[in-house]
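Student: Sharing a structure with you now.
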Amino acid sequence: MTAQTLPVDPFDLVIFGGTGDLALRKLLPGLLRRYAMGQFGDDSRIIGVAREQQSSEAYREKVGEALLRAIGDNHELKDKLPAFLQRLGYHALDANKDDGWEAFAEEIKSHGDRIRVFYLSTSPSLFVNLCSRLKAHDLNGGKSRVVIEKPIGHDSASAAVINDAVGSAFAESQTFRIDHYLGKETVQNLLALRFGNILFEPLWNSDHIDHVQITVAETVGLEKRAAYYDTSGALRDMVQNHLLQLLCMVAMEPPAALQADAVRDEKLKVLRSLRPITEDEVSQLTVRGQYRAGASSGNAVPGYLDELGRNDSRTETFVALKAEVDNWRWAGVPFYLRTGKRLPERVSEIVIAFRQIPHSIFEHDAGPVMGNKLVLRLQPDEGVKLWIMIKEPGPGGLRLQHVPLDMSFAEAFGVHQPEAYERLLMDVVRGNPTLFMRRDEVEAAWKWIDPILNAWEKLREMPKTYTAGSWGPSAAVALVERDGRTWHEDTV
Ligand code: NAP
């Protein structure tokens, strides 16, 4: 089976921050793969922009080296690399200065009225100036689109400032707020499973689902992000966007159609139905952690404060919380969310834990009857498993076994699974915002997060420490276990 690649119209894609980490590690490798798959051709252009003075030739060379590192031994991509690099150009511009913008605008306009994507892969502090300059040079009309990256603010008020600045230059329909978790194959598979089958939807409610777990675990520490991360922390960096977006995909009502606003309306309703966590409840329903020295992948690693070079940071590198969606479908079903750095493995997964059967017909020595679980793994190896009870194969008495039905078809069919950024970039070019966040979603997410942040701020407690390489503070285990549940472990 081969994946279908529908070519897109010719476009100009300008990457502000074209020399940065995100551009070199994710965006440009993704674009190379799409080019190699024939999704766009030689009539499209990719233009890197940053302050560094260099020629397009020098930029191509730098990008070529980065791409070679990113693609490893993939001969197909290596073969396409020289032609792909010819699609690349470079402009030295400072978001905060006028020099060079006139010539830049002229060059962009020289290709007529075609799709233009402005990807703001820079610090959000530059978004205001970038958008106002794009507007001043009349680059915001017609088929222009702007893509903005997280973090969209650090609370409701600052998110509104960014959204207002972008909104003063680009209409909402031109604005693509990227959350790359939504571009993952498994997230779309969740839509297919829920709404393309009659099997799941009748069970998708509090009558049949006991609880939901969403885990996004990283093994890395601060890397080069110390300055940013210490002002953010795990709740802002991961929960406000990625984990809440995943929660929405699980909890939303069936949209009338797979259309951008239909889907986003349903997600918004979920965000607005999240039960607020009050100051009195915050210690009970949330756990903040910070890693101390330990081990990662068998190597000794320093603690957060040592990495940071300070000993007074109260920033959390781990958070676990219990959320509830106050509506008819989900009444009484907890959504346990956890995310953190320096955890034992890099894994992102959603676990839908179904209720126990009401009555067991089996003898005691058949073993326990465990609840069914649907496990959607987003990384490292995207896939879906449905845990069911079967009879242990072979002769003898009837003994039960809990086994996963593996529903990850891409590997079996030998289909290349596009990386999230690849898919999302092509969605922007096509003008399809279904998998992007609308302004009101971002605002509703912050509205739920703000009171938690404020309550933490009032408490002024140090986060609970956990050893690097462990699953977070013991309080995170207690959060689930005092409700008689456990965090899912993939034991097969
Ligand atoms: P980065 O490596 O620090 O790159 C920043 C880029 O912006 C560089 O190309 C830099 O080049 C350019 N730049 C800085 N000041 C500029 C100015 N005044 N005018 C024009 N260009 C300027 O950052 P990054 O990691 O790529 O991240 C970019 C954005 O994506 C950030 O908002 C980050 O939070 C977000 N993000 C990144 C990742 C990731 O994996 N890296 C993931 C999710 C979100 P010059 O210094 O030469 O100007």
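The values are calculated or read from the model by the stated rules, or taken from the named source; none is laboratory data. Keep in mind it's a predicted model, so treat the numbers as computed, not measured. So basically every Cβ, Gly included, is an ideal-geometry build from the backbone, and we count neighbours across all protein chains shown. Calculation scope for accessible area: heavy atoms of the full protein, side chains included, ligands and nucleic acids excluded. Shrake-Rupley method; radii C 1.70, N 1.55, O 1.52, S 1.80 Å.
Student: Within segment 316-341, track down each residue that is assigned to a loop (DSSP other than H, G, I, E, B) and over 11 Å from Ala234 (Cβ atoms).
Tutor: Selection gives Asp326, Asn327, Trp328, Arg329, Trp330, Ala331, Gly332, Val333.
The rows are residues; the columns are (1) within 13 Å of the ligand (Cβ to nearest atom); (2) within 28 Å of Leu243 (Cβ to Cβ).
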| residue | (1), (2) |
| --- | --- |
| Ile108 | no, no |
| Arg114 | no, no |
| Ser125 | yes, yes |
| Arg133 | yes, no |
| Asn140 | no, no |
| Glu149 | yes, yes |
| Ser156 | no, yes |
| Ala160 | no, yes |
| Asn163 | no, yes |
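Student: Out of all the residues in segment 13-57, which are open to solvent by 30 Å² or more (accessible area, probe 1.4 Å), in contact (Cβ under 8 Å) with a residue 60 or more places away in the chain and more than 9 Å from the ligand (Cβ to nearest atom)?
Tutor: Scanning segment 13-57 gives Arg33, Met37, Arg45.
Student: Could you tell me which of the residues Val128, Val117 is open to solvent by less than 30 Å² (accessible area, probe 1.4 Å), not aromatic (Phe, Trp, Tyr) and not in a loop (DSSP other than H, G, I, E, B)?
Tutor: Only one candidate passes the filter, namely Val117.
Student: Can I ask one more? In segment 92-106, what count of residues is obtained for those that are over 12 Å from Arg133 (Cα atoms) and within 11 Å of the ligand (Cβ to nearest atom)? First the steps, then the outcome.
Tutor: Start the filter on segment 92-106 by keeping residues that are over 12 Å from Arg133 (Cα atoms), which leaves 92, 103, 106.
Among the residues that remain, those that are also within 11 Å of the ligand (Cβ to nearest atom) are: 92.
So the count comes out to 1.
Student: With at positive phi and assigned to a loop (DSSP other than H, G, I, E, B) as the only criterion, which of Glu253, Glu223 stands out?
Tutor: Glu223
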